[in-house]
Amino acid sequence: MKKEDTVKLISAEGFEFVVDKNAAMVSQTIRNMLTSPGGFAETEHREVTFPEISTTILEKICQYFYWSLQYASGKETEFHIEPELTLELMMAANYLHT
Amino acid sequence: MGGACSRKRDQQTNEENAHGGVSRRYSKSGSSKWLGTSFSRASVDKKEGNVICPSLMELCIYKISEEIHEYGTFSMIPRDISQQIFNELVYSQRLNEACLEAFQDCALQDINLGEYPGVDDAWMDVICSQGSSLLSVDLSGSDVTDSGLFHISDCKNVEALNFNFCDQISDVGLGRISGLSNLTTLSLKRNNSITAKGMSVLSGLVNLLKLDLERCPGVHGGLVHLRGLKKLEALNVNCCNCITDADMKPLSELTNLKELQISCSKVTDHGVTFLKGLHKLALLNMERCPITAACLGSLSDIAALLYLDVSKSNLTDDGCDKFSKLKSLKVLNLGFNEISDAVLAHLKGLIHLESLNLDSCKIGDEGLLHLAGLDHLKCLELSDTEVGNNGLRHLSGLVNLESLNLSFTIITDGGLRNLSKLSSLRSLNLDVRQITDAGLAALTSLTGLTHLDLFCAKITDTGTNYLRNFKNLRSLEICGGGLTDAGVKNIKNLRSLMLLNLSQNNHLTDKSLELISELTQLVSLNVSSSRVTSAGLQHLTKLKNLKSLSLESTKVTANDIKRLHESHLPDLVTFRPE
């Protein structure tokens, strides 16, 4: 995978997730950050920090990105959500427009 | 045999659908709203043709909804999110009194519990705790009583309240809404307890735009309290038999009124005189009122009037010349009045007319001549009139006609060629005994038809050959007794069909069911009074969209259908025999 095809998502604790740009753009919020012309610094550095999203939640979100791409291509599996994460995950999903 | 039994539809007063936009979903007993929820969400999405990936937000909301008992409170999460959880719980019918507690003080904006099972006063604490955030509440069909409304006054900003079919709310409960001056919509359909006295609180609701008191038998004398509601745009007192001329008087000051529905009241021509100055009035429903054509004089200055229903009233030819003044009319319902061809001459100049209902009027061929120039007409209802073939000639140029009802007229096959150029026709009712296969042959150019009713026409297998031209048909009824399995072979290629009624064709066998099984879009199927047997039911297992199935007076037993329902067709809502 070429470096320009990936983005780095950084959690509140500073943990870095390097994910496929296409996957990350499942989130409308990230898509806007990465594609708005000349706007965000994120566009240039391909790096987004989420000071409000914990590592556990951000990991789950990255899993969802890939799951969603699979789903759209016809592989309709179930996406498992741990009950104890649901509320926090939902707040993050709301913020990320995902 | 067959065909001996015929029927006529849509005769009942259709109070709730006065202009098509009014929802029929409110009714405590007859509701099917909650029957539909046996659909799984996935199957609904698939019907739309493409795979829609659920968002993470949706997945989380479904998850919470499934495990709702695990959550103590949602008051710490943003209200737009708790609102979505609430809506999902209502949709999936998982909401109950216990889990409602989690929504205490959530600042929800909309509590839409219309027809939701089990709602009563015990729910009201949490509902009212939303306080000034609450904008709309629908408790239609609930068991909420006056005491449940005690704290509704805390919800200062509420804009819409729907308490339809809440028969335990009386004047006392109504008193609790007196300070809610932000209300724009208030609906109290079918309430037996509300009286003129209780309606005095309405005078304070100065922002009210829409008031619905349909089927409230005690409201006579109460409309005086509306006098100051200058913003009021819509008032529905349909089927309030207590409403009289005196009740119309206070309405004369409501100059912003755009819609007024007073069907089945005691209002006479005198009462209508009070409406003279309502220059914005666009819709007036006076179905079944004891009015005559003399009332038209009071309406002739209302240039905004687009929709007028005077069906089933006391109209005669006398005074009908005043119709010519109502130049803006788009929809006119004159059905079931003792009026003749002479009246139609006065409609000649109503060039904006799009819909005209003359059901069961004493009109014939001569009268239709006057309609020939009304080229905006989209919908023409001539059922149960004396219209015959000569009359159809006058309709041959109405190329914008989309719906034409000729049931129970005296037309024959020979007249139908006059319809062959009406290429906009979507719905055609030829429920006429004299119509045969030959008539159908003249209509093959009407390829846009989506609804064709040949209920008691004498259609045989030969006639079904012409049906092949109607590829867009969504509903078809042929119940004249002349079809055999061979005819059904021609019907099986009409793949858009959603409703098929072939009852009373007593030669149809299980073979027909096999042919019909290819019509996978079918939602409703009727093959009653035929030779089908329980052995034929196996073919119907492919009809996964079927919601209604009638096989009355056949060898199929109630148990057979029940088994089919349980094993293969879970979405069936009604079936006969049962």
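Mean per-residue shielding of peptide B:81-88 is 1, counting Cβ atoms of other chains within 10 Å of each Cβ.
A full extension of the chain between B:Ser496 and B:Lys156 corresponds to an added length of 117.4 nm, given 0.36 nm per residue minus the alpha carbon distance. Cα convex hull, the stretch B:257-335: 72 Å³ per residue, rounded to a whole number.
Centroid-to-centroid, using Cα positions, the stretch B:444-460 and the stretch B:136-166 are 48 Å apart. Applying a DSSP loop filter and a limit of 15 other Cβ atoms within 10 Å to the trypsin sites (Lys or Arg not before Pro) in the stretch A:12-98 leaves A:Lys75. 3J(HN,Hα) along the stretch B:370-382: 6, 8, 4, x, 7, 7, 8, 4, 10, 9, 10, 10, 10 Hz, from the Karplus curve 6.51 cos²θ - 1.76 cosθ + 1.60 with θ = phi - 60°, whole Hz, x for Gly and Pro. In a DSSP loop and with at most 13 other Cβ atoms within 10 Å, there are no chymotrypsin sites (Phe, Trp or Tyr not before Pro) in the stretch B:275-344. Segment B:Ser92..B:Asp105, full-extension length gain: 2.5 nm, with 0.36 nm per residue of separation and the alpha-carbon distance subtracted. Length, then width, then depth: along the principal axes, the Cα atoms of chain B run 70, 63, 37 Å. Applying D = kT/(6 pi eta Rh) to the stretch B:393-485, where Rh is the Kirkwood radius over alpha-carbon pairs, T corresponds to 10 °C and eta to 1.306 mPa s, the Stokes-Einstein value obtained is 123 µm²/s.
Amide hydrogen proximity for B:Val532: with H placed 1.01 Å from N in the peptide plane, the residues at 5 or more positions away or on another chain lying under 5 Å are B:Lys555.
Could you give the angle, 0 to 90 degrees to the nearest 10, between helix A:55-72's Cα long axis and the longest principal axis of the Cα atoms of chain A? Once rounded, the angle reads 80 degrees.
Altogether, the Stokes-Einstein calculation at 10 °C and 1.306 mPa s, with the Kirkwood radius of the stretch B:459-527 over Cα pairs as Rh, returns a diffusion coefficient of 137 µm²/s. Residue by residue along B:60-69, Cβ atoms of other protein chains within 10 Å of the local Cβ number 4 on average. Sequence-ordered 3J(HN,Hα) estimates for the stretch B:193-206 from the Karplus curve with 6.51, -1.76 and 1.60 and θ = phi - 60° stand at 9, 6, 10, 4, 4, x, 6, 4, 5, 5, 5, x, 8, 5 Hz, glycine and proline given as x. Restricting the stretch B:63-131 to GluC sites (Glu not before Pro) that sit in a DSSP loop and have at most 16 other Cβ atoms within 10 Å of their own Cβ leaves B:Glu67. For the stretch B:459-578, carbon and sulfur atoms together expose 46% of the accessible surface, with a 1.4 angstrom probe and every protein chain in place. Within 10 Å of the Cβ of each residue in A:83-93, the mean number of Cβ atoms contributed by other protein chains is 6. Taking label points 7 Å from Cα along the Cα-to-Cβ direction, B:Lys249 and B:Glu67 give a separation of 6.7 nm. Gyration tensor analysis over the Cα atoms of chain A returns equivalent ellipsoid semi-axes of 21, 17, 12 Å (largest first, whole Å).
B:Asp318 to B:Arg468: FRET efficiency via 1/(1 + (r/R0)^6), r the Cβ-Cβ distance, R0 60 Å, to the nearest 0.05?
0.75
Look at the alpha carbon pairs under 8 Å that are at least 6 residues apart: their mean separation over the length of chain A gives a relative contact order of 32 percent. Checked against a 23 Å cut-off, the cross-linked pairs A:Lys21/B:Lys63; A:Lys75/B:Lys547; B:Lys322/B:Lys348; B:Lys421/B:Lys471 give Cα-Cα distances beyond that limit for A:Lys21/B:Lys63; A:Lys75/B:Lys547. Across B:Ser512, B:Ser193, B:Ser132, the residue with the most accessible area heads the list, and the full order at a 1.4 Å probe is B:Ser132, B:Ser193, B:Ser512.
A plus B alone minus the pair: what accessible area, both sides summed, probe 1.4 Å, in Å² to 100?
Chains A and B together bury roughly 1700 Å² of accessible area.
Using C-alpha pairs under 8 Å with a sequence gap of at least 6, the mean separation divided by the residue count of the stretch B:459-578 gives a relative contact order of 20 percent.
Remark: the stretch B:217-229, residue by residue, has Karplus-estimated 3J(HN,Hα) of x, x, 8, 4, x, x, 5, 4, 6, 8, 3, x, 7 Hz, where x stands for each Gly or Pro and the curve is 6.51 cos²θ - 1.76 cosθ + 1.60 at θ = phi - 60°.
Per residue, chain A exposes 56 Å² of accessible surface when a 1.4 Å probe is rolled over the protein heavy atoms with every protein chain present. For the protein assembly as shown, the alpha-carbon coordinates run over 87, 66, 57 Å along the three principal axes, in decreasing order. Which FRET efficiency value, to the nearest 0.05, is calculated for B:Ser200 and B:Asp143 with the Förster distance at 25 angstrom and r the Cβ-Cβ distance? Efficiency, rounded to the nearest 0.05: 0.45.
In summary, the convex hull built on the alpha carbon positions of the stretch B:216-271 has an orientation-averaged projected area of 3.3 nm². Taking every Cα-Cα distance in the stretch B:117-189 and sorting them into 10 Å bins starting at zero, the pair-distance distribution P(r) comes out as 22, 63, 16 percent. Accessible surface computed residue by residue for chain B, with neighbouring protein chains in place and a 1.4 Å probe, gives 40 Å² per residue. With R₀ set to 60 Å, the beta-carbon distance separating A:Thr49 from B:Thr447 gives a calculated FRET efficiency near 0.45.
The values are calculated or read from the model by the stated rules, or taken from the named source; none is laboratory data. In this text, all values refer to a predicted model and were calculated from it rather than measured experimentally. FYI the Cβ positions are ideal-geometry reconstructions off the backbone, even for glycines, and counts take in every protein chain you see. Side chains included, ligands, DNA and RNA excluded: accessible areas come from the protein's heavy atoms. Shrake-Rupley method; radii C 1.70, N 1.55, O 1.52, S 1.80 Å.
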